[in-house]
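Presented below is the structure to which this report refers.
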Amino acid sequence: MNHTNPTPFRFAPLRRASFRLSVTQAGQLPPDDGAEVAIAGRSNVGKSSTLNMLTERRALARVSRTPGRTQAINVFDLDPGQRLIDLPGYGYAKVPEALRRSWGPLLEQYLRRRSSLRALILVMDIRHPYGPHDADLIGFAAGCGRPVHVLLNKADKLSRGAALQEMARLRRMPELQGVAMQLFSAQTGQGLDELHQLIAGWLAPGEQKETPTSAGVNNEPSKGGEDS
């Protein structure tokens, strides 16, 4: 009997992502209509690599050896009325203090007032997850009624068992109760099907369809990214 791998689910508009603009003030954002998903994370957790893997565009978001390079809100258009938002990386000490102070009001206004924002994807390095800045962002987003989905990136750097144990430990933390999370790797594509399915549900719920890989977002990683 032949066993074939299920066809991976891909939300096609992500492949059509194109850079629109960078903004440093809330008033510069596009009109607040349609639907958008934002991606946030500490500096050096692989946020730019995650964007590139997600859109299958190797250079959509520039990957820098210098953490904290994303210093504005970057807007990417998908299909009409759909956007992907890259929020500034935070927590890197070498970013000038004046610039760090300017991010706070900008992110606060964005998370509090943006009616088209459907969800916030928070990228963490599974080897060093959940720092004080992550806690602040999750708490603030929850206070604004924003769904948060945590990507435990770089899961390929751990064994499968160790990665699952770390995710289980995080889920037991009282402050993370009810926060969705999954294992992910921007290098191998582990967890990519699940993430595409989620984004499809947020941006185009009427177009979402069931696929063999759509279940178990909060459970085990996709087989393609497991360590042997």
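At-a-glance table
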item	result
Residue match in the stretch 84-96 (condition: aromatic (Phe, Trp, Tyr), part of a loop (DSSP other than H, G, I, E, B) and at pLDDT below 95)	yes
Test: residue in the stretch 208-215 that is at pLDDT below 95 and either crowded, with 21+ Cβ neighbours inside 10 Å or in contact with a strand residue (DSSP E or B) (Cβ under 9 Å, 6 or more places away or on another chain) (or both)	yes
The stretch 108-137, residues that are without any contact (Cβ under 8 Å) to a residue 60 or more places away in the chain and either exposed (fewer than 14 other Cβ atoms within 10 Å of the Cβ) or more than 25 Å from His196 (Cβ to Cβ) (or both)	Glu108, Arg112, His128, Pro132, Ala135, Asp136
Cross-chain or 6+ apart pairs with Cβ under 7 Å, the stretch 24-36 first and under 25 Å from Leu198 (Cβ atoms), then of a type in the set (Phe, Trp, Tyr)	Ala35/Trp202
Verdict on Asp156 being touching a residue at least 60 places away in the same chain (Cβ under 8 Å) and within 16 Å of Ser43 (Cα to Cα)	no
Checking Arg169 against (1) assigned to a helix (DSSP H, G or I); (2) in contact with a strand residue (DSSP E or B) (Cβ under 8 Å, 6 or more places away or on another chain), the condition it does not meet	(2)
Top-ranked residue of the stretch 4-41 - restricted to ones that are outside any loop (DSSP other than H, G, I, E, B) and β-branched (Val, Ile, Thr), ranked as surrounded by the fewest Cβ atoms within 10 Å (Cβ to Cβ)	Val23
Any hit, the stretch 39-50, residues being over 21 Å from Ala155 (Cα atoms) and at pLDDT below 90	no
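The values are calculated or read from the model by the stated rules, or taken from the named source; none is laboratory data. Bear in mind that the values here come from a model prediction, so they are computed numbers and not experimental data. All Cβ positions, even for glycine, are placed from backbone atoms using ideal geometry, and neighbour counts span all protein chains on display.
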